[in-house]
Amino acid sequence: MTSRRVWPARLGVRFGALAMVAAAGCATLADGAPGLDNPPSARAGPFRLLGPGELGQGRAAPFAMDVQKTSLRDPCILDIDGDPSTLEVEGYFAASDEDAGADANPTSIVRVGALDGRSFDRMPVTMLTATEAWEGGTVGAPSVIADGARRRLYYSAAGGIGLAESEDGQSFTSRDAPVIASVPWADGPPRSPSVVTLPNGSYRLFFEATQGGAAAIGEAKSTDGIAWDVLEEPALTHGPSGSLDASGVASPAATVATSAEGRKILYVYYSGKGDDGKRSITLAARFLAEPDAPLEKGNKSVYSPSGALEPREPSVIRFEDFTFLFTAQKRTKSSSDVVVTVGVSPGTIELPAPDPP
Amino acid sequence: MSRRVAGSLATAVALAATFMSLRASAHEPGAFGIGSRSTAMGGAVAADVKDFSASYYNPAGLAEQEGVRLGLGYFYADQNFTINGKDVGVKGSHGIMFGLAAGGKVFGIPFGIGIATHIPDEGLSRITALRQDVPRWELYDSRTTVLYLSANLALRPFDWLEVGGGLSFLAATHGRFAISGRADLFSPYDSQLRHEVDTDLSSVRYPQLGALIHLSDTASVALVYRGQTSLDLALDGDISAQAAVGGLEVPLTYELTARTIQAFLPQQVVVGASWHVLPSLKINADVAWVNWGAYESPTAKTTAILEADVPPNFPVELPGPLKPTKVIPPAFSDRIVPRLGLEWYIPGFTDSDGDPVVKVPVRVGYSYERTPVPPQTGETNFIDADRHTMSVGAGIEVPVAHVTFDMHAAVSVFPERTMLKQSAANLVGDYHVSGQQVNVGGTLGGVFQ
C-alpha cells in the first residue's frame, strides 16, 4: 500500500526553529528522552541545564551565579551535613577584585548558601583573601571538605595548592606554605585542586598541571589531608586525536558515589578540550574496590554547551535522586562575562520547587 | 503545489520522530501464546493440536480436522517490569485472536487448511528505535504488538503421518518525507513550505513446517520448524528550504536516513510429544531450540547532514555531520525451551445413556525460557531475565452443539537479575531487574460439519 500526499503544513515555525536549534546546537540531554519510565541512571550525567522555574532567589536559569562585578566563578558546592536526602549546601566561589573583569586573577574566595541545593542567596561572605607571599596575590578554584562544623578549604594560588582551615566554618586560616608546591611530572605548579574523602577515611586530591604544554590531571594521596603523596605519573592525560579531550584535560572535580548495587565509585569530572578547541565536561572513574586502579574515561561529554563557551571548573554534588553539575563558563561565545550554570542528571527528573522561590 | 502555510523546518524532525517512534514489533503468539487451550497447556501442544492455533504450533495438526472449526478469542496480558525496584511502564498487550481450521479429503487423502491471526487492540504495529545504550526490556517492550497472520495447509498421506506448512506474515513500513520551500522563523504564517510523505506498508513472510507422527493410539510425536524473520524499517528525509531570519535568507538542506531492524523472530525447531496416559489424562511435552544467537541489533543506523550558508556572526552554530552509529553486536545466545502441559477431563457430566452432555477439561502448563540476553556489562542495555510461566485453564465442550469455550490464565515470573557494569564511568550504571506478566483470555470455538 502506498500513499503519497502533498499538503500544506500547519505547524508553527517557531517550534521548528527551536527544534532545529536544539538539533543543531545543544549537546546536553534532551528533555523527554524516549525509552522506559524510571530508567536506571548512575546520576553521573548527561546533565540537562535547569530551565525556567527551576531556580529560585530571582536567578535566571540556568545561571546559578551571575555576578559580573566580582566575576564569581570556580564553583565548589558542599553538602553541609553530608546527607544526600537534605538539600542545603554551601557554595564557594572564586572572586576577583570589583570591576577587575573576568580575565583578572581571582583574589578571594567567597561563600554563599542555598537551601535547595542550587538557588544561592545574594549575600556572599568572603572566606579567604590572598595574603600569603607564596600565593602571589591570587586565590581561586576552591575545594572544600567538611567534618561537622570544621572546614578544610583547598585552593589554587600562584605557588601551588594551598590549604586554609576553619574550626567553625566561619573564619579560615591559611597555611604559610602550599601543601603541594610542585609535581614531579609537571612543568609548573599544580592548580585547580579537588579533594575528596574516600570511604576508608583517607583523602585523594586531584589537580591540574601542565605537562609538555598540555594540561593534565594529577592525583595525590593523603591520610590526614595535609601531607600529600603525589603520584609519579598523571592520572589523566589528553586523549587520542578526535577525542573529546584530544588537546588536554583540566580542572578536575572528584566525588564519591555508590552504585545501585552498592559499589563505591570515584568519579572525576573534568574539562576536556578537543582538537577543535571546543571544551566540554566529561568524566573518568574507578571502582573504589581498587582505589589505586587507573581512572577509566567515559569518552562521552556529560555537559557540552554549544559554541565556544569553554566550560571549566565543574563541581558536582549528588543528592538522593539527582545530581547537580555546576560549571563556570562564558555567558555567550563573544562575551567576556563569566557565569556559573547548573545542570541536573537524570535529565528527566522533576526537581523539587526552588527554596525560596 | 505551493500555498501559504504555517510550516516549519522542524516538521521534518517531528515527522522523523513520529516515524521512529511508531511502535511495532512481533509478536504475541510467541510471547503469550495463541488460543486458550494451547496457552493453558504451556504451549506444549506441538503433538496435540488441531484447532486454529495449529497454524502457529504445528500446521501438520490441521490434517486431523474434520469439518470447519472456527475460533474466536481475546487475551489481555498485563506486564509489570521493574528496574531497581521501580516500575518502568512497559505496556501490556491485548487483542483478538481469530482463526479457522478446515478439513476434508482430496483424492482420498485427508487434508486441512488453517488460518490464524492476532489483531492487537492498539494499532496494527508499533516500533521504537532507541539508542543502544537506552535501557529497554528487549523481548517484551517493543516486540509485543504487531499484526500477525498465518495461513497453512496440511496433509495426512498415511494414517500415522501428518505434514503441514505455510507462511506467516508481519507488517513492515518504509517511509520518506521531503520538505521544500521557504520558512520565516519570525513570521510563521509567511512561510511557504511543501511537505511530501511517501510511505509503504508492506509485509514480510516467514515459513513454518510441521510433521506429526502417531506412534500408537495414545502416543504422538511432532517436529516443527518456524523460520526467522524481522522487519527492516527505513526512513529517508530530505529538506531543502530557505530559512528567513529577520531580513536574512539562509538556504539550507537537511538529509536524514535511518535504518533499523525490529521485531526479530528467531528460527525455531520444536520437538514435541503427547501421551494419553489415561483416556481422560493427557501429558504433553515440547522442547524448542530457539536461535536467538542470530538476533540483530535494533539500533537505528542514522545519518544526518545539515548544510546551511550561515552569514558570518550569525548566532547559530551548525553541528558537524552526525557520527555514524557503531552498532555493538547484541551477542544473544540460543536457548532451549522446555514446555510441559497436562489436560484432564473431569469425569461425569453424562446423560442416562452414559453419553457426555458436556465435557469439562482442566489444564495446567509450565515453560522455562532461559534468557538469551548476556549480562549487560557494557554500553548496551538490552534487559531480559529468565522466564518461568505457569498456566492453568479450563473449558467446556458441548458435543451436541459442537461448541467449545476455553479459558486460560498464565503468570510469568522473571526472577531478579543484576547487571554490573565493567566501567565505573558507565552513565547508566549498575541495576537489577525483575518482572511479572499476567495473561488471561478466553476462546470460543465451533465446529461445522
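The values are calculated or read from the model by the stated rules, or taken from the named source; none is laboratory data. Please read these numbers as outputs of a predicted model, since none were measured by experiment. Every residue, glycine among them, receives a Cβ derived from its backbone with ideal geometry; neighbour counts consider all protein chains shown. Side chains are part of the model used for accessible areas, which takes the heavy atoms of the whole protein and leaves out ligands, DNA and RNA. Shrake-Rupley method; radii C 1.70, N 1.55, O 1.52, S 1.80 Å.
Filtering the range B:392-421 to residues that are at the interface with another protein chain (Cβ under 9 Å from one of its Cβ atoms) and either modelled with pLDDT under 95 or out of contact with any strand residue (DSSP E or B) (no Cβ under 7 Å at 6 or more places or on another chain) (or both) leaves B:L420, B:K421.
Within the range A:146-157, is even one residue open to solvent by less than 20 Å² (accessible area, probe 1.4 Å) and either more than 23 Å from the chain's Cα centre (by Cα) or modelled with pLDDT under 95 (or both)? Within the range A:146-157, not a single residue is open to solvent by less than 20 Å² (accessible area, probe 1.4 Å) and either more than 23 Å from the chain's Cα centre (by Cα) or modelled with pLDDT under 95 (or both).
Kindly establish whether B:S38 is outside any loop (DSSP other than H, G, I, E, B), crowded, with 24+ Cβ neighbours inside 10 Å and free of Cβ contacts under 8 Å to residues at least 40 places away in the same chain. Against the criterion (outside any loop (DSSP other than H, G, I, E, B), crowded, with 24+ Cβ neighbours inside 10 Å and free of Cβ contacts under 8 Å to residues at least 40 places away in the same chain), B:S38 qualifies. Scan the range B:378-431 residue by residue and report those that are touching a His at 6+ places or on another chain (Cβ under 8 Å), over 30 Å from A:E290 (Cα atoms) and surrounded by fewer than 23 Cβ atoms within 10 Å (Cβ to Cβ). Passing the criteria: B:V392, B:S412, B:V413, B:P415. Against the numbered list (1) surrounded by fewer than 20 Cβ atoms within 10 Å (Cβ to Cβ); (2) over 18 Å from B:D406 (Cα atoms), B:Y76 comes up short only at (2). From the set of residues in the range A:181-225 that are buried (at least 23 other Cβ atoms within 10 Å of the Cβ) and β-branched (V, I, T), which is farthest from A:E313 (Cα to Cα)? Only one residue fits best here, namely A:V183.
To keep it simple, each residue is scored yes or no on (1) free of Cβ contacts under 8 Å to residues at least 60 places away in the same chain; (2) under 20 Å from A:S202 (Cβ atoms).
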residue: A:L231; (1), (2): yes, yes
residue: A:G242; (1), (2): yes, no
residue: A:V249; (1), (2): yes, no
residue: A:T255; (1), (2): no, yes
residue: A:A260; (1), (2): no, no
residue: A:Y267; (1), (2): no, yes
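Restricted to the range A:226-241, and to residues there that are open to solvent by less than 50 Å² (accessible area, probe 1.4 Å) and of a type in the set (G, A, S), the residue that is farthest from A:A94 (Cα to Cα) is A:G239.
Once the range B:51-99 is narrowed to residues that are part of a strand (DSSP E or B) and small (G, A, S), the residue that is nearest to the other protein chains (Cβ to nearest Cβ) is B:S93.
For (1) facing chain B (nearest Cβ under 9 Å); (2) over 11 Å from the mean Cα position of the chain (by Cα); (3) outside any loop (DSSP other than H, G, I, E, B), each residue gets a yes or a no:
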position	(1), (2), (3)
A:A253	no, no, yes
A:V256	no, yes, yes
A:G262	yes, yes, no
A:I265	yes, yes, yes
A:Y270	no, no, yes
A:G277	no, yes, no
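Of the strands (runs of 3 or more DSSP E) lying entirely inside the range B:288-379, those carrying at least 3 residues that are within 25 Å of the chain's Cα centre (by Cα), farther than 26 Å from B:M419 by Cβ and at pLDDT 85 or above are B:335-346, B:360-369.
For the range A:229-252, the set of residues classified as among the polar types (S, T, N, Q) and farther than 14 Å from A:P190 by Cβ consists of A:T237, A:S241, A:S243, A:S247, listed by residue number.
One residue stands out among those in the range A:302-340 that are buried (at least 18 other Cβ atoms within 10 Å of the Cβ) and not in a strand (DSSP E or B): the one that is nearest to the other protein chains (Cβ to nearest Cβ), which is A:S306. If the condition is being surrounded by 14 or more Cβ atoms within 10 Å (Cβ to Cβ) and under 18 Å from B:Y295 (Cα atoms), then the range B:334-346 contributes B:D334, B:R335, B:V337.
It is to be established whether one or more residues within the range B:42-50 are in a helix (DSSP H, G or I), within 18 Å of the chain's Cα centre (by Cα), away from chain A (no Cβ under 14 Å) and modelled with pLDDT of 80 or more. Looking through the range B:42-50, none of the residues is in a helix (DSSP H, G or I), within 18 Å of the chain's Cα centre (by Cα), away from chain A (no Cβ under 14 Å) and modelled with pLDDT of 80 or more.
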